[in-house]
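A short reminder: the numbers here are calculations on the coordinates, not readings from a lab. Quantities reported herein were computed from a predicted structural model and do not represent experimental measurements. Because the Cβ atoms are built from the backbone with ideal geometry, glycine has one as well, and the counts that use them run over all protein chains shown.
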Amino acid sequence: MLRIAGSAHRRRAGRPIRNDTPGIPSGERSSRPHGYELGGAYQDDPDEFRLHEYGAQLIPPSSVQTLFHTTVHILRKAFPPQRRALAAWTGGALLLVFLSVTVYAAVREEQPSVLVQTGYSDAADADMGSGNTLIQPELLSGSSSTMLLGSVLSNDTANIYPRRDGIIEDIYVDIGDHIEKNQVIALLLPQGVEGQSAAMIAEQGARRDQAASELSSAKIVAEQMVSNAVQQVLEKETELTVAKREQQAVLKRFAELDANVSQMNEQALTAVRSARQLIEQILTGSNSRSGEDIHEEDIRRQLGLLNTQIRYTIAPQFTELDSLEQQMLSAEEHERAKFLEQIIDVADTALSTTVSLLGATPSVPNAQPGLFTQEEIAALTQSVFGAQQNLFMAKEKFQNARIALETLSSSEPELALAYRTESVEGAMSNSVRMLEAQLGTVRDSVRLTEANQQQMVERQRSMLSVADAMLQSEVAQSGHRQIRSPFSGTVSKRFIEVGQIVMSSMPTFELVDVSTSLAKKAKQEIEFGLPEDLMGTLLMGEELFFTLASDSGTPHRATVSRVSPQVDSESRTITVRARVEDDVALPNNASVRVHIERRALPVYRLPSYAVKRMGGRNVIWTQNPDGGQPLSISVDVLSEDGEFAEVTGDLSPETLVLPNPPEFLINDDSPNPS
């Protein structure tokens with residue numbers, strides 16, 4: 001019975017067993033001269049052989065022999081004797097074809113996944129070996145290099161642009177010609193029909209003049225508006241100065257009125273005391289009893305005999321008057337005015353009672369000790385009337401002084417409070433405070449007026465600039481027929497043809513050997529993007545090598561001169577520029593390949609099909625030094641051309657690599673047993 005096992009690789013029958021086949025001792029291999037390898041190892045049973053080293057099925061030779069004889073017997077029955085030789089050959093051929101198809105179907109399976117299509121044919125594969133053939137990596141270099149794409153930058157190159165749009169009428173220079181600064185290199189056709197440009201220039205000139213006139217008017221209006229606003233400020237400042245002076249006068253007026261109130265207070269108090277002394281003199285005949293109360297028995301006997309009830313009235317009034325006077329003297333300054341008005345009223349009442357008392361007193365015709373004549377009573381009555389008059393006038397003056405002070409305080413409460421608390425600093429009268437607010441408003445109005453007028457002036461100035469620019473543009477459009485070179489140099493490219501329409505944004509010629517500040521430092525540089533993971537591999541002043549894309553066989557040297565401090569957010573690279581030696585002439589913007597050395601990273605070469613792709617990484621399989629299952633090693637592929645791959649990794653020239661590992665190793669994602 002024919003049994004076939006799956007294999008991960010193509011096998012070739014009939015190849016002698018190699019002496020370096022793993023897993024078979026050299027003694028055993030040499031003792032089996034008749035053994036053949038059909039994609040696997042030799043079997044101990046001479047009647048069987050394996051199709052695959054790992055899990056192969058067995059085909060007994062006796063079964064093959066039986067099948068052969070049965071086929072020959074059938075053919076002999078089917079063909080006559082004279083054609084039995086032909087039948088035998090036909091049967092053998094059919095049997096051979098059957099066996100070949102069967103073996104090919106059993107052995108053939110898909111080639112395992114590799115990094116790339118290797119490009120090896122079956123013959124090449126046979127030369128490289130199959131099955132368990134081992135290979136060793138070839139050491140290419142003790143260090144690896146990374147190739148980056150860049151371009152050439154010429155610092156002595158410049159483009160020439162026309163000053164206006166137009167049609168090329170003539171060209172005076174071409175590639176290779178040396179030209180001087182301000183030299184005419186091409187000519188444009190005149191623009192427009194006869195007189196059209198002049199009319200357009202005149203129109204734009206009129207617009208420019210109108211804009212200039214409007215700007216001048218705007219400046220005059222702005223100056224007048226600002227001047228008026230400033231004049232209002234000056235007027236308010238003058239009024240404020242006057243008001244502050246008046247405020248000082250008001251404060252002085254407070255002091256004067258306060259002093260007048262105090263003076264009228266003293267005058268009223270003097271009048272009250274004079275009235276009290278007069279009453280005491282009339283009642284007791286003496287005014288030296290100050291501070292003592294007067295009772296009815298202390299009054300002269302003759303007084304009020306006609307109406308004794310008055311005698312009992314005048315005594316309490318006199319006592320009350322004296323008591324109020326003592327209370328006022330002991331009261332606070334601001335409370336004395338209240339007591340003074342009450343004392344004046346009591347004193348006036350007591351004087352009126354005294355007049356009544358004198359009227360109820362009998363007189364004697366002749367003067368007698370202790371008695372009053374009619375003339376004496378009349379004189380005393382007149383004295384009482386005089387005291388009442390003085391008391392009334394003192395009261396009126398005191399009230400007028402108080403009213404004047406209170407009126408001023410109510411009109412200027414802030415100054416009144418400042419005067420009473422003696423904190424005049426910062427106090428303002430009503431007029432000063434009002435003028436301060438008005439002055440602030442006027443000043444804000446000045447600033448607003450200045451801003452608005454300045455905005456108007458700037459708008460007109462902007463319109464003048466636009467009109468002037470349009471005029472200049474029209475002049476430029478109508479003129480500038482000559483295209484002049486602003487630089488000295490050699491023409492390297494010509495971008496225009498006679499009759500071609502050009503615009504001011506289109507270059508007409510390219511010059512080289514232009515003297516610039518950058519060219520004095522470096523005539524040419526190469527620019528490339530350095531990946532951020534290689535940031536530390538290049539330093540300022542370090543040398544590197546590059547080749548032109550069109551000439552990869554000629555290396556050139558450059559020195560790192562500029563390194564950008566930032567990483568580009570899109571390409572994740574750092575811009576690097578390297579200065580090229582001045583004696584090397586390279587085409588501007590030419591593509592270059594920059595080689596960056598990565599030290600201490602050996603590079604090896606292996607057949608492409610030996611590198612497998614597993615779990616998102618590149619691996620190769622190597623022989624286990626301990627004789628166990630082969631080991632996988634991760635590698636980085638630097639380059640690959642379809643036949644060979646250049647890799648780096650944990651390798652050495654002595655590493656034994658399995659280019660065609662078994663399928664179960666490739667499908668096994670478990671880590672190495674070691």
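Details
- For region 511-522, Karplus couplings with θ = phi - 60° (6.51, -1.76, 1.60), whole Hz, Gly/Pro x: 10, 10, 6, 8, 7, 10, 5, 5, 5, 5, 7, 7
- Charge dipole (debye, nearest 20) of region 200-421; +1 at Cβ of Lys and Arg, -1 at Cβ of Asp and Glu: 320 debye
- Restricting the calculation to Cα atoms, region 297-421 shows an Rg/Rh of 1.17 when the hydrodynamic-style radius is the Kirkwood one.
- Calculated FRET efficiency, ILE175 to ALA202, Cβ-Cβ distance, R0 = 51 Å: about 0.75 to the nearest 0.05.
- Remark: spin-label model distance SER323-MET434 equals 5.1 nm, labels positioned 7 Å along the Cα→Cβ axis.
- Residues whose amide H lies under 5 Å from that of ILE596, counting only those 5 or more places away or on a different chain, are THR146, MET147, LEU148; hydrogens are built 1.01 Å from N in the peptide plane.
- Built amide H within the under 5 Å cut-off of ILE294, gap 5+: THR319
- Ranked packing of 275-283, 630-638, most packed first, by mean Cβ within 10 Å: 275-283, 630-638
- Database remark: amide H of GLU169 closer than 5 angstrom to the amide H of LEU187, LEU188, LEU189, GLY499 (H placed geometrically; neighbours at sequence offset of 5 or more, or on other chains; Pro and chain starts carry no H).
- Shape call, region 158-270: gyration tensor on alpha carbons, a/c limit 1.5: prolate
- Once you reduce region 253-318 and region 418-444 to the center of their Cα atoms, the two points are 49 Å from each other.
- Taking label points 7 Å from Cα along the Cα-to-Cβ direction, ARG420 and SER141 give a separation of 10.1 nm.
- For region 307-314, 3J(HN,Hα) computed residue by residue from phi via the Karplus equation (6.51, -1.76, 1.60; θ = phi - 60°) reads 8, 5, 5, 5, 4, 6, 8, 5 Hz, glycine and proline entered as x.
- Expressed as a whole percent, the proportion of Cα-Cα pairs in region 200-421 lying more than 27 Å apart is 57%.
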